[in-house]
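The values are calculated or read from the model by the stated rules, or taken from the named source; none is laboratory data. Remember, predicted model here, so these are calculated numbers, not experimental data. With ideal geometry, Cβ positions are generated from the backbone for all residues, glycine too; neighbour counts draw on all protein chains shown.
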Amino acid sequence: MLIIAAGVVAFLPSFLCSRNFLADAFYYLTLAKGLPFKYSLPSYAHFKYLPAFPALILLSHLLTGRLIDFMNAAKLVSMLSLIATSVLVFDFVYYRLRSFPSALGAGIIAILSPAFLLFSGNILSELPFTFFASAAFVFMLRKKPYLPWIFAALAILTRYEGIFLIPALIIGQWRAPKKLALGALIMIIICGPWVFFILSNFGKFFAFSYPTEAIIAQGHAGFLFLWDMVRCLSPMIVVLGMAGILLLPRALRPGMVLFISGYIILHMYWHWRDARFIVPMVPFFALGAAFAVDRLFQTYLPPGKSSGKIALAGILALTAVSLALFDGFAFRELAGLRRDPRKAVMQKILQYDPSAVVLTNIEPVVCEWYGVKNVHRWSDLKRTDDAYAWAAERYAKDGARYLVWRKTDNFAILFFKELGQKGLLTKTVQLQGQARAIAFYPILFEDSGKMIVFSIEMNPAPKP
């Protein structure tokens with residue numbers, strides 16, 4: 001109850017303040033809202049999401065009697081996932097060490113992790129994935145061998161990194177063939193329908209890809225991922241966590257080290273840099289830190305070792321200070337999530353024209369959630385196309401009268417960059433065999449000029 005209460009108090013600011021969500025959040029919300037349940041969205045072949053998180057959002061919405069809308073239901077899933085993870089950390093430490101102070105300290109370390117504080121109110125699949133992945137290990141040492149495999153299967157259906165749990169569980173149960181057979185059966189029952197679906201519809205197991213432009217724009221995290229771990233876990237938790245993981249139960253240690261290593265290497269090499277990817281590491285380093293501190297207490301607290309007590313007090317003080325400092329950075333970043341400039345822009349456009357047709361480099365599903373339904377996405381424009389002729393065609397055929405350009409969007413292409421640099425811009429294009437002049441007038445600057453709304457006009461081109 002202490003951990004739950006602490007989690008509610010610590011995570012409530014993020015829950016109440018977070019308004020600026022990643023585009024992924026709106027995909028999950030759209031999939032949760034859409035019935036029958038879908039795996040991907042129309043016209044978004046490169047975005048194929050796993051089903052567990054949208055299902056949890058829908059379940060949360062239904063269990064609250066539909067009184068909570070989908071967005072707040074998703075935020076509730078996120079916050080409760082991290083509180084539940086912190087409870088699991090407490091439970092595991094108390095189960096193994098029978099030390100209430102160590103268990104409580106581990107749970108508090110998880111709750112006060114900068115990553116948990118920053119993202120607890122956001123709509124990210126990493127948050128329920130963190131719960132499922134940690135639950136798979138917590139229940140490894142219990143008498144119900146089917147539970148780890150159930151949680152591992154749910155983790156896989158939440159994020160692809162969950163696949164690392166399979167070899168981790170096999171290593172932990174390799175001396176118990178019956179447990180492994182039961183685990184294989186559970187995987188087939190839970191994940192089998194999904195595997196069959198993606199293989200039959202997409203022809204490959206990893207039905208997951210991003211546009212080339214996204215990969216080029218983002219780049220790989222590389223060793224910066226390790227710095228993000230220090231920043232989002234705090235330095236002393238990283239140090240104590242790495243040492244303490246080596247003190248975990250022998251039956252659990254190899255699999256957990258394999259999972260952590262695989263996850264870190266994957267995100268260093270394949271994923272681009274984003275602090276949210278650190279969240280699934282929090283419970284494991286919190287466990288390690290608790291086991292390390294417990295060993296230090298056992299070593300240095302016996303009578304007559306005053307120097308050891310002073311050293312231990314210094315370590316605990318450094319741990320508390322590092323957590324407090326990096327939590328301060330997390331809350332400072334949280335202040336930037338209080339307002340979503342995309343929403344402000346869409347509402348302003350709707351004031352101009354309730355049936356506005358918009359060209360944008362913001363993902364259309366975000367625009368739709370904020371009220372603008374008629375959106376032409378940037379990816380409709382191919383690299384080989386004449387961008388201005390494309391805009392003129394949308395103006396003539398679809399009635400597009402606004403262009404929203406977001407400078408901070410990772411998917412920006414040269415078309416939008418040129419507009420942003422030059423502001424007012426007029427181009428001559430050929431449309432249906434006639435020369436036309438298409439003009440872009442900046443009419444609204446939002447988010448300190450990082451987002452610009454252009455009004456589009458087109459007239460016959462002036463004669464030379």
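Has the stretch 328-340 got any residue that is under 18 Å from the mean Cα position of the chain (by Cα), under 20 Å from Phe11 (Cβ atoms), of a type in the set (Phe, Trp, Tyr) and crowded, with 18+ Cβ neighbours inside 10 Å? There is no residue in the stretch 328-340 that is under 18 Å from the mean Cα position of the chain (by Cα), under 20 Å from Phe11 (Cβ atoms), of a type in the set (Phe, Trp, Tyr) and crowded, with 18+ Cβ neighbours inside 10 Å.
Out of all the residues in the stretch 133-150, which are free of Cβ contacts under 8 Å to residues at least 40 places away in the same chain and more than 26 Å from Tyr269 (Cα to Cα)? Result: Phe139, Arg142, Lys143, Lys144, Pro145, Leu147, Pro148, Trp149. Surrounded by 24 or more Cβ atoms within 10 Å (Cβ to Cβ), at pLDDT 95 or above and not β-branched (Val, Ile, Thr), is that true of Ala84? When the stated conditions are applied, Ala84 does not pass them. I'd like the residue in the stretch 154-176 that is among the small types (Gly, Ala, Ser) and under 19 Å from the mean Cα position of the chain (by Cα) and, out of all such residues, is modelled with the highest pLDDT. Filtering first and then ranking leaves Ala155. Suppose the filter is modelled with pLDDT of 95 or more, under 30 Å from Val321 (Cα atoms) and assigned by TED's automatic domain parsing to the domain that holds Val195; does Leu127 pass it? Criteria met by Leu127. Of the residues making up the stretch 119-132, not a single one is hydrophobic (A, V, I, L, M, F, W, C), out of contact with any Pro (no Cβ under 6 Å at 6 or more places or on another chain) and surrounded by fewer than 24 Cβ atoms within 10 Å (Cβ to Cβ).
Of the residues making up the stretch 442-464, those that are more than 21 Å from Arg342 (Cβ to Cβ) and either surrounded by 14 or more Cβ atoms within 10 Å (Cβ to Cβ) or aromatic (Phe, Trp, Tyr) (or both) are Met458, Ala461.
Within this structure, Val293 passes the test of being crowded, with 18+ Cβ neighbours inside 10 Å, among the β-branched types (Val, Ile, Thr) and outside any loop (DSSP other than H, G, I, E, B). Within the stretch 217-262, being assigned to a helix (DSSP H, G or I), small (Gly, Ala, Ser) and surrounded by fewer than 20 Cβ atoms within 10 Å (Cβ to Cβ) holds for Ala217, Ala243, Ser261, Gly262. Residue-level analysis places Leu431 among those that are more than 30 Å from Leu29 (Cβ to Cβ), surrounded by fewer than 20 Cβ atoms within 10 Å (Cβ to Cβ), touching a helix residue (DSSP H, G or I) at 6+ places or on another chain (Cβ under 6 Å) and at pLDDT below 90. Only one of the numbered conditions (1) modelled with pLDDT under 90; (2) more than 29 Å from Asp69 (Cα to Cα); (3) part of a loop (DSSP other than H, G, I, E, B); (4) of a type in the set (A, V, I, L, M, F, W, C) is not met by Ala400, and that is (1). Regarding the stretch 93-110, can at least one residue be identified that is at positive phi and surrounded by fewer than 24 Cβ atoms within 10 Å (Cβ to Cβ)? Within the stretch 93-110 (the criterion being at positive phi and surrounded by fewer than 24 Cβ atoms within 10 Å (Cβ to Cβ)), the answer is yes, since at least one residue qualifies.
A single entry from Leu67, Leu76 fulfils the requirement of being assigned by TED's automatic domain parsing to the domain that holds Phe11, surrounded by fewer than 24 Cβ atoms within 10 Å (Cβ to Cβ) and modelled with pLDDT of 95 or more: Leu76. The lone criterion from (1) at pLDDT below 90; (2) within 22 Å of the chain's Cα centre (by Cα) left unmet by Phe196 is number (2). Taking the criterion of being touching a residue at least 40 places away in the same chain (Cβ under 8 Å) and within 12 Å of Leu403 (Cβ to Cβ), the residues of the stretch 360-376 that qualify are Thr360, Asn361, Ile362. Considering the stretch 133-143, and only residues there that are farther than 20 Å from Ala6 by Cβ and part of a helix (DSSP H, G or I), the residue that is nearest to the chain's Cα centre (by Cα) turns out to be Ala133. Using the structure shown, decide if Phe164 is more than 18 Å from Ala10 (Cβ to Cβ) and touching a Lys or Arg at 6+ places or on another chain (Cβ under 7 Å). Criteria not met by Phe164. Scan the stretch 304-322 and give yes if some residue there is assigned to a helix (DSSP H, G or I), basic (Lys, Arg) and over 21 Å from the mean Cα position of the chain (by Cα), otherwise no. Checked the stretch 304-322: at least one residue is assigned to a helix (DSSP H, G or I), basic (Lys, Arg) and over 21 Å from the mean Cα position of the chain (by Cα).
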